[in-house]
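Chemist: Structure in structure tokens, see below.
Quick note: the coordinates plus some simple rules give every number you see, no bench work behind them. Here the structure is a predicted model, which is why all the values come from computation and not from measurement. Neighbour counts are summed over all protein chains in view; Cβ atoms, including those assigned to glycine, are modelled from backbone coordinates with ideal geometry.
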Amino acid sequence: MGMYELIKSEEKDKKLVIMIEEGYTEKDKESKSNDGDIQKTAIAVSGKGDPKRRLVSLDVFRGLTVALMILVDNAGGILPSINHSPWNGVTLADFVMPFFLFIVGVSLGLTYKKRLCRAIATKKAILRALKLLVLGLMLQGGYFHGLNDLTYGVDVEQIRWMGILQRIAIAYLLAAICEIWFKDDDEEVNSGLSLMRKYRFQWIVAFLIATMYLALLYGLYVPDWKYQIPSKDSSSAPKAFSVKCGVRGDTGPACNVVGMIDRKILGIQHLYKRPIYARTKQCSINSPDYGPLPPNASSWCQAPFDPEGLLSSVMAIVTCLIGLHYGHIIVHFKEHKDRILHWMIPALGLVVMGFGLDFVGMHVNKALYTFSYTCVTAGAAGLLFAGIYVLVDVYGCRRPTMVMEWMGMHALLIFILAACNVLPVVLQGFYWRKPENNIVNWNWLMTGLYDIFKEMEESPVLVIFHLIQMLFLVMVREKGDRMRLAGLLVEICDPDRYRA
């Protein structure tokens, strides 16, 4: 998510245009050519005083996160083992959001490494955050109705206020304000301890945020509450449900403080309508996947719950501040070994502390964005970033990561087009004769293929279908996932399904 600033400075009576861009670790000096055009000379950093170059590892890390997001969004329904954890625990999909927040923090450390006018920098940070908020409302507030629906528009009484981009906007704004206002510009950094002293006020903010979150999560009283869901028959009255709570410190799906605050402040009608806990054993006979309600389903199973709620987004700020610390290490330490050392130690410590807290009862939970979840995911982000840095920026293995680098440089565009289904929604607007016959809904293609083969013997068609099944099943290792995928492919690839 590009953050670019153009500022002017004076150096030895010569005016220079300095571009501070995320992913760069030193100034990019630009000089005017004879024709008056501005020519940019890229300058980058090496750990041992080599010719300076772009810090590619940040782009690769961002691109890898985008690819991971696309993978879990599209394959998570088929392979529940990589989909978001139904409640407690952590899966591959649960690392995507913290990785993005961590990367935003690292980028901020590079963007604001030079002294700026604080008022102007704050104004620009607020404007960027507002742009992300508006974009998030458009993409995830319900304005686009998604696949298989060519209509658009949203009832303001039902709009979803929170979302992925909204959470990133909140974390970015608070972290940017901390970086602009809460650092000691007079402190020289020559060790890890002096780095902590220079940014001590930012660590105080992170500590206060985490303390406030824990105090609210375990201290607030959650009363009984009610909700309604529309009846399938539009003429019937909505179904009403009552959830019994009356507890403090509960971190289960029904009676946690995170959900209560969202219901009170945002309103239950503005929350995400497909809660993640609908995949728990209490709510789905196909758990850990979505499915029909079991006979003894809990009363809260169909209640809206926002995975990017208000209180959980508070802890997202801490993840962003941890990433900001990693950006500071890039700015103040030039040797590869110093950077890697200062990255690896806190990352390992965070991972160990997070799983230790989970072991003693403070569960790793993405929906609540618990403190243990923050530690595990931020530590994992630090370890992965350090590994990518060694591979790409130290050893120069760029060719295998070129695709990820490109995706990282266009992360926001890919997120909008792919992850938010904007591209599929646009493409399905072009169809053949009937709206169902579009390139997004591929059942019509299977029907056409069947018509092509219907004059042939049935065996060639079955051979193709079986080859498709084998290809997918070879790629899946877990037995349970293989069985579910095999059943799905048998249903999809049944020729009788596509007969007129």
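Chemist: If each residue's Cβ is checked for other Cβ atoms within 10 Å, how do E405, E187 rank with the fewest at the top?
Modeler: E187, E405
Chemist: Between W406 and K226, what is 0.36 nm times their sequence separation minus the Cα-Cα distance? Round to one decimal in nm.
Modeler: Numbers: separation 180, 0.36 × 180 = 64.80 nm, distance 4.78 nm.
Here the segment from W406 to K226 would lengthen by 60.0 nm.
Chemist: First measure r as the distance between the Cβ atoms of A67 and F355, then evaluate 1/(1 + (r/R0)^6) with R0 = 41 Å and state the FRET efficiency to the nearest 0.05.
Modeler: Efficiency computed from Cβ-Cβ geometry: 0.95.
Chemist: Can you tell me, using C-alpha contacts under 8 Å and at least 6 residues apart, the relative contact order of region 189-348 as a whole percent? Please report the intermediate quantities before stating the final value.
Modeler: Values: 187 pairs, mean separation 31.8, N = 160.
Relative contact order, region 189-348: 20 percent.
Chemist: May I ask you to sort S85, S312, S242 by Cβ crowding, counting other Cβ atoms within 10 Å and putting the fewest first?
Modeler: Fewest-to-most ranking of S85, S312, S242: S242, S85, S312.
Chemist: Also, I was wondering about something else. In what sequence do T91, T111, T319 fall when counting other Cβ within 10 Å, fewest first?
Modeler: In order of increasing Cβ crowding within 10 Å: T91, T111, T319.
Chemist: Over 27 Å between Cα atoms, which of K124/K198; K131/K334; K131/K434 qualify? Intermediate values should be presented prior to the final figure.
Modeler: Working: K124/K198 24 Å; K131/K334 34 Å; K131/K434 37 Å.
Going by Cα-Cα distance, K131/K334; K131/K434 fall outside the 27 Å limit.
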